[in-house]
1. For LEU100, all conditions in the list (1) surrounded by 21 or more Cβ atoms within 10 Å (Cβ to Cβ); (2) touching a Pro at 6+ places or on another chain (Cβ under 6 Å) hold save one; what is the number of the exception?
2. Hey, among ARG165, ARG227, which residue is at pLDDT below 85 and assigned to a helix (DSSP H, G or I)?
3. Considering only residues that are in a loop (DSSP other than H, G, I, E, B) and not β-branched (Val, Ile, Thr), look in segment 73-87 and name the one that is surrounded by the most Cβ atoms within 10 Å (Cβ to Cβ).
4. Return the residues of segment 161-177 that are out of contact with any Gly (no Cβ under 9 Å at 6 or more places or on another chain) and of a type in the set (D, E, K, R); say none if nothing qualifies.
5. Please verify whether PRO172 is surrounded by fewer than 16 Cβ atoms within 10 Å (Cβ to Cβ), touching a residue at least 40 places away in the same chain (Cβ under 8 Å) and out of contact with any helix residue (DSSP H, G or I) (no Cβ under 9 Å at 6 or more places or on another chain), treating the condition exactly as stated.
6. Return the pair list, or none, for Cβ contacts closer than 6 Å from residues in segment 133-149 that are among the hydrophobic types (A, V, I, L, M, F, W, C) to residues that are surrounded by fewer than 18 Cβ atoms within 10 Å (Cβ to Cβ), at least 6 apart or on different chains.
7. Which one is surrounded by the fewest Cβ atoms within 10 Å (Cβ to Cβ) among residues in segment 38-58 that are within 17 Å of ALA138 (Cβ to Cβ) and under 10 Å from the mean Cα position of the chain (by Cα)?
Amino acid sequence: MFPWISWSADPMAFLSEHHRSESGLGQPNRDPADIYLRLQSRPSNFGRDDPFVAHVFCCVLALGLSEAGYRSGTLGQALALNRGELAQLIERWAPQALDLVDLEHETETISLDDEEDQIRQLLERSRGDASEETGWLASILTKRSMQPRHLWQDLGLTTRDELGRLMSERFPKLAERNVNHMKWKKFFYRSLCEMEGFVLCAAPSCRECSDFHDCFGDESGESALARLSRGNPSNS
């Protein structure tokens, strides 16, 4: 697993020496760590002003581009971003991705199913600002919540703490409510049930519930970027 990144230091410090020395930032490939390096090689003005947000977007793009090599669909569909949104995100935060993404093949509209739309609305109601970036992140979080691993892994982040920071900065109302650090995907669905007046669990309290560890258990694991770098795309 990648160690914690200090944002006052090199934003690519978590990458192995092999990737730092051998990637060369040459021809595009589908190694997610190399893609990340490429995206971070020439930070935009936005990225220099906010390295953490740039890191988040570069992680998401690197993982999405890598997955596109063995899954059907476009990058925008994997992130719930239409062509225009994806183009704006790349221009502002990861201009090096312009060489890796064929925007002409991205769709002009993105459709969400009912389940995804409910999560999207939950995030929209909890956003801390009206920026386009927070809107894009709401879409990305929604779509990546449908994937099988921990949410921080399915975003390509390095640790759960990074997801916690992201939620606190962009969706503070939700973050403030998750005082017991429930797994984020579980917390989203619990929040939806509470909004609809449903009781999610039969147990009188979480501590007495037999599924406690499913909701609050350990979320350690390997970053998806590191796992895919070793050529194991199907290992979850």
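The values are calculated or read from the model by the stated rules, or taken from the named source; none is laboratory data. Here the structure is a predicted model, which means the values were calculated and not measured. Neighbour counts run over all protein chains shown; Cβ positions are idealised from the backbone, glycine included.
1. In the conditions (1) surrounded by 21 or more Cβ atoms within 10 Å (Cβ to Cβ); (2) touching a Pro at 6+ places or on another chain (Cβ under 6 Å), LEU100 misses (1) alone.
2. Details: ARG165 fails: at pLDDT below 85.
Unique residue meeting the criteria: ARG227.
3. Of everything passing the filter in segment 73-87, LEU81 is surrounded by the most Cβ atoms within 10 Å (Cβ to Cβ).
4. Our first condition is that a residue be out of contact with any Gly (no Cβ under 9 Å at 6 or more places or on another chain); within segment 161-177, this holds for 161-167, 174, 176-177.
ASP161, GLU162, ARG165, GLU176, ARG177 - these are the residues of segment 161-177 that are out of contact with any Gly (no Cβ under 9 Å at 6 or more places or on another chain) and of a type in the set (D, E, K, R).
5. yes
6. Short answer, once both residue conditions are applied: ALA138/GLU124.
7. Here is the first cut: in segment 38-58, the residues within 17 Å of ALA138 (Cβ to Cβ) are 53, 56-57.
Now drop any that are not under 10 Å from the mean Cα position of the chain (by Cα), which leaves 56-57.
Details: VAL56: 24, PHE57: 26.
Looking at the filtered set, the residue picked out is VAL56.
To keep it simple, each residue is scored yes or no on (1) under 12 Å from the mean Cα position of the chain (by Cα); (2) buried (at least 16 other Cβ atoms within 10 Å of the Cβ); (3) not in a loop (DSSP other than H, G, I, E, B).
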| site | (1), (2), (3) |
| --- | --- |
| THR107 | no, no, no |
| ILE110 | no, yes, no |
| GLN118 | no, yes, yes |
| PRO148 | no, no, no |
| TRP152 | yes, yes, yes |
| THR158 | yes, yes, no |
